[in-house]
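Q: For reference, the structure I am asking about is given below.
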């Protein structure tokens, strides 16, 4: 008969799991999400002028620079904003999307790199909005306007 002896304390244990995110009141959850929307909203507003310049190809270079500045400023605001739980996941998607949008604006419009990065930015923005809407639905909060993040 073979017996293995060992010290119980010799078993390696991983780090303790992080504590769960604090439960937010409806007001706190709404405030977090409204801040993210406010951080992002200048991008949505500036997008129209950029899309018109892109379509008409008039003043596109200047409009792209201006729009990129708006995107970079929104990125800084989002990165500084404190969020928790699923709202933090939405924030990360917004940051990834705006990073992709800023990258797209560095490339010639219509190029493969531009199209790839631009499309990624749109997908990430929609995923973030969907995630925030899902959180709001579960908390029975009023939905965010669909055009608040574009």
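Q: Find the residue count for region 51-66, including only residues that are outside any helix (DSSP H, G or I) and more than 17 Å from residue 115 (Cα to Cα).
A: 2
Q: Checking residue 53 against (1) closer than 22 Å to residue 127 by Cβ; (2) more than 16 Å from the chain's Cα centre (by Cα); (3) modelled with pLDDT of 95 or more, only one condition comes out false. Which one?
A: All conditions pass for residue 53, except number (1).
Q: Follow-up question, since we're still on this one. Please count how many residues of region 138-148 are buried (at least 16 other Cβ atoms within 10 Å of the Cβ) and more than 22 Å from residue 69 (Cβ to Cβ).
A: Selection size over region 138-148: 2.
Q: Still on this structure, I have one more. What single numbered condition from (1) surrounded by fewer than 16 Cβ atoms within 10 Å (Cβ to Cβ); (2) modelled with pLDDT under 95; (3) part of a helix (DSSP H, G or I) fails to hold for residue 76?
A: (2)
For every residue, the table says whether it meets (1) within 13 Å of the chain's Cα centre (by Cα); (2) free of Cβ contacts under 8 Å to residues at least 60 places away in the same chain; (3) under 12 Å from residue 40 (Cα atoms); (4) surrounded by 14 or more Cβ atoms within 10 Å (Cβ to Cβ).
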{"site": "97", "(1), (2), (3), (4)": "yes, yes, yes, yes"}
{"site": "103", "(1), (2), (3), (4)": "no, yes, no, yes"}
{"site": "110", "(1), (2), (3), (4)": "no, yes, no, no"}
{"site": "117", "(1), (2), (3), (4)": "no, yes, no, yes"}
{"site": "121", "(1), (2), (3), (4)": "yes, yes, no, yes"}
{"site": "126", "(1), (2), (3), (4)": "yes, yes, no, yes"}
{"site": "133", "(1), (2), (3), (4)": "no, yes, no, yes"}
{"site": "136", "(1), (2), (3), (4)": "no, no, no, yes"}
{"site": "150", "(1), (2), (3), (4)": "yes, no, yes, yes"}
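Q: I'd like to know if region 39-60 contains one or more residues that are free of Cβ contacts under 8 Å to residues at least 60 places away in the same chain, on the phi > 0 side of the Ramachandran plot and either in contact with a helix residue (DSSP H, G or I) (Cβ under 9 Å, 6 or more places away or on another chain) or crowded, with 17+ Cβ neighbours inside 10 Å (or both).
A: Yes, the conditions are met somewhere in region 39-60.
Q: Looking for something within 21 Å of residue 125 (Cα to Cα), surrounded by 11 or more Cβ atoms within 10 Å (Cβ to Cβ) and at pLDDT below 95 - is there at least one such residue anywhere in region 14-30?
A: Yes, the conditions are met somewhere in region 14-30.
Q: Then there is this: Looking at 135, 123, can you tell me which residue is in a helix (DSSP H, G or I), modelled with pLDDT under 95 and out of contact with any strand residue (DSSP E or B) (no Cβ under 8 Å at 6 or more places or on another chain)?
A: None of the others qualify; the one that does is 135.
The values are calculated or read from the model by the stated rules, or taken from the named source; none is laboratory data. Remember, predicted model here, so these are calculated numbers, not experimental data. Note that each Cβ is placed from the backbone with ideal geometry, even for glycine, and that neighbours are counted across all protein chains shown.
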